[in-house]
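Structure first, then comments.
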């Protein structure tokens with residue numbers, strides 16, 4: 001998780017921060033995923049919330065051939 005330098009301003013002074021979330025199971029049972037989210041992940045609950053919603057994310061299976069297959073992103 002990293003906070004991006006820009007933010008979104010909604011109606012007046014309501015600031016929504018932007019974060020880049022990277023997730024990985026390290027055992028090949030799930031994809032490595034990168035996703036933009038306004039949710040700051042601090043626990044399992046906020047992780048679940050951040051992963052819901054927009055399907056706009058880059059995902060690739062964490063295998064020995066991950067680099068070779070990186071041009072075949074999972075949708």
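The values are calculated or read from the model by the stated rules, or taken from the named source; none is laboratory data. Keep in mind that what you see is a predicted model, and the values were worked out from it rather than measured. All Cβ positions, glycine included, derive from the backbone under ideal geometry; neighbour counts span all protein chains shown.
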Condition first: more than 9 Å from the chain's Cα centre (by Cα) and crowded, with 16+ Cβ neighbours inside 10 Å. Now tell me which residues in region 33-46 satisfy that. 39, 41
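I need a count of the residues in region 10-24 that are assigned to a strand (DSSP E or B) and farther than 12 Å from residue 38 by Cα.
Of all residues in region 10-24, those assigned to a strand (DSSP E or B) come to 10, 14-23.
Add one more test, that the residue is farther than 12 Å from residue 38 by Cα, and what stays is 10, 14, 22-23.
Residues that pass the stated criteria total 4.
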Checked pairs for region 25-41, first touching a residue at least 60 places away in the same chain (Cβ under 8 Å) and on the phi > 0 side of the Ramachandran plot, second assigned to a strand (DSSP E or B) and crowded, with 18+ Cβ neighbours inside 10 Å, C-beta under 9 Å and 6 or more apart or across chains, list as none
Of (1) outside any strand (DSSP E or B); (2) out of contact with any strand residue (DSSP E or B) (no Cβ under 7 Å at 6 or more places or on another chain); (3) at pLDDT 75 or above, residue 64 fails just (3)
Hey, among the residues in region 27-54 that are in contact with a strand residue (DSSP E or B) (Cβ under 9 Å, 6 or more places away or on another chain) and at pLDDT below 85, which one's farthest from residue 4 (Cα to Cα)? 28
